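Only one structure is covered here, and it is reproduced in the block below.
Rule-based calculations on the coordinates, nothing more; no lab input. In this text the structure is predicted, and so the values were computed from the model without any measurement. Note that we place each Cβ from the backbone using ideal geometry, even for glycine, and neighbour counts take in every protein chain shown.
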């Protein structure tokens, strides 16, 4: 049964991949392909954060700092004259090391304390990007001259970059799916729901959370590297609290503890942001308003929320159709 | 010598502003168990309200201090509305409350940008406190000394209020054990509104009296919020003394850092927080919250 579930998941993943691979052919121009690339790279970022928010119950408001760490790593190393592979590998290492420090500090608490510490750490990384001008070039940001060409394949055009992002996205979805269904993922959910019992059962709660943070940081760093190559530019704005909040909104609006939720959330937020920015300047106001509305009206997120509405609608329909049969039958409950 | 002295005065002044900001933050945290992420926005809102009142319309300006108090009252009203209309609906759901405060902070920031534009507004120092005081060969900017005095006065008033009055006793009871406080007949939910409005008002007041030094600009909110967070992590939540000591430490580190290592000023703030988190996670004067 386990194997058939795994096979089912792989089939779904394959179908999703094929559908997404067709997107550049179905869209009218490179602008839309670029929006699709943005959605996929933010989906990787949101999946990374959802590992913490959904499965560990740890809400981070500093993830844009880790994202930016990977971005600045690549941009700085490239500007210093290193090659793409060195820049990518080193910045992955830097981002994971940064995540380890981040986790070591913030995992001293959970719940609200975790939010506060991650927020403060994220702001410190932002402050560094903004002020440490000799490294980061301050507000002017750093330009990235070219995209890499892995195995001789150029990623210069929108379509080519889309396929690279899609590949990383599918790998990320597979990795998160495997992680969630692995014993470590189950243990992580255990630490979310019953940390004391997990501790009593002999699990090292702190270590499990630490690994979850590292995994989340890895996905965040991958998304960051894609982002810096996508924009070919990085500035402190990417690390601002607004960016952390945006990705948290993606996770929460879609549904944090589902695989599909963060992806739907990323698609929603990136689409709304692109559409709204085209008409009005008030994206931040919209972001805040959507946040408040989601938390007040659909706190579990769109994917579980819609599923709930769908189930109750289906039940209502079914209930109406077998109403005659139900008359006179005593309900066992 | 003068350089160091001025730096020290600036540090204590900034510490005083931080205290006004973080005292409310810390009280709200202590009572409601949530970090109020709108606190930076309320600071900025107070500064904008006050600046508009003090600069006036077609020459019909209001006295600086009256503007500061009226601005603070307006911000307190905004705080009370946020608590009544939004946070109240999410009672007991801390995560949701935090996310709502975050959402509101973005909305306030954007509304301020819409209303007051993107250019910084500079507010003149109140004329009665312009210039410098000379003590022997030493020179002090008067207005900064006034801010220190105001902060100390507010600290004493807050302490008296918390320690000596019935309301203060109820707030302390609510901070220590909300369930028991409810059982003995204290309307904790009303305390929430009072404390939230008080904290908001203090933040707004700090925004206005800080405006001759900091000026008022979009982004002031996200500049101040992390400082309040760091102060409270450092000093411990729900503790007035903790906010005071934490504010002074951060004020000193921030100003000396700015002057001596401008590129890393923001990073140096991180060091005391790191030490406290490692050695005393509940903060210098905090108790472990249940």
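Per-structure values
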{"item": "Which of A:300, B:179 has the fewest Cβ neighbours within 10 Å, and the rest in rising order", "result": "B:179, A:300"}
{"item": "Value of Rg to Rh for the protein assembly as shown (Rh from inverse mean 1/r over Cα pairs, i.e. Kirkwood)", "result": "1.00"}
{"item": "Cα centroid separation, the stretch B:229-290 to the stretch B:78-153 (Å)", "result": "19 Å"}
{"item": "Calculated FRET efficiency for the pair residue A:316/residue A:153, C-beta based, R₀ 45 Å, to 0.05", "result": "0.30"}
{"item": "Semi-axes of the equivalent ellipsoid for the stretch A:127-206, Cα gyration tensor, largest first, Å", "result": "39, 24, 9"}
{"item": "Cα pair distances in the stretch B:77-170, grouped into 10 Å bins until the bin that holds the longest one, percent each", "result": "12, 20, 28, 28, 11, 2"}
{"item": "On Cα atoms only, tilt of A:84-106 relative to the major axis of chain A in degrees", "result": "60 degrees"}
{"item": "Where the Cα pairs of chain B fall when distances are cut into 10 Å bins, in %", "result": "7, 28, 36, 22, 7, 1, 0"}
{"item": "Projected area, mean over directions - the stretch B:184-228, Cα convex hull, nm²", "result": "4.1 nm²"}
{"item": "Spin-label model distance (nm) - residue A:174 vs residue B:66, 7 Å beyond Cα toward Cβ", "result": "7.3 nm"}
{"item": "Kirkwood hydrodynamic radius of the stretch A:173-248, Cα pairs, Å", "result": "14.5 Å"}
{"item": "Inter-part distance where the stretch A:119-179 and the stretch A:13-61 are each reduced to a Cα centre, Å", "result": "14 Å"}
{"item": "Simple label model, 7 Å out from Cα along Cβ direction - residue A:289 to residue B:260, nm", "result": "4.9 nm"}
{"item": "Distance in nm between pseudo-label sites at residue B:165 and residue B:124 (7 Å out along the Cβ direction from Cα)", "result": "3.5 nm"}
{"item": "Distance histogram in 10 Å bins (all Cα pairs of the stretch A:160-288, percent per bin)", "result": "11, 34, 34, 16, 5, 0"}
{"item": "Neighbouring partner chain Cβ atoms per residue of A:239-248, average, 10 Å criterion", "result": "3"}
{"item": "Gained length - residue A:80 relative to residue A:184, 0.36 nm times residue gap less alpha-carbon distance", "result": "33.5 nm"}
{"item": "Percent of alpha-carbon pairs separated by more than 22 Å within the stretch A:1-117", "result": "56 percent"}
{"item": "Cα-only radius of gyration and Dmax that characterise the stretch A:181-225, units Å", "result": "12.0, 40"}
{"item": "Calculated P(r) of the stretch A:275-318 - Cα pairs past 17 Å, %", "result": "52 percent"}
{"item": "C-alpha long axis of helix B:188-214 to longest principal axis of chain B, angle in °", "result": "10 degrees"}
{"item": "Kirkwood Rh and Cα Rg combined as Rg over Rh, evaluated for the stretch A:13-59", "result": "1.14"}
{"item": "Extension gain, residue A:307 back to residue A:93 (0.36 nm per residue minus Cα-Cα distance, nm)", "result": "73.1 nm"}
{"item": "Chain A - Kirkwood radius from inverse mean 1/r over Cα pairs (Å)", "result": "21.2 Å"}
{"item": "Residue among A:153, A:47, A:61 with the largest mean-square fluctuation in a Gaussian network model of chain A, springs linking Cα atoms under 10 Å", "result": "A:153"}
{"item": "Nearest-ten-degree value, helix A:111-131 long axis tilted from longest Cα axis of chain A", "result": "20 degrees"}
{"item": "Convex hull volume per residue for the stretch B:139-235, taking Cα atoms only, in Å³", "result": "127 Å³"}
{"item": "Neighbour-count order for B:21, A:248, fewest beta carbons within 10 angstrom listed first", "result": "A:248, B:21"}
{"item": "Modelled FRET efficiency - R0 45 Å, residue A:21 with residue B:177, Cβ distances, 0.05 increments", "result": "0.15"}
{"item": "Residues B:140, A:151, B:64, sorted so that the one with the fewest Cβ neighbours within 10 Å comes first", "result": "A:151, B:140, B:64"}
{"item": "Rg ratio (alpha-carbon, reference 2.2 N^0.38 Å) - the stretch B:1-95", "result": "1.37"}
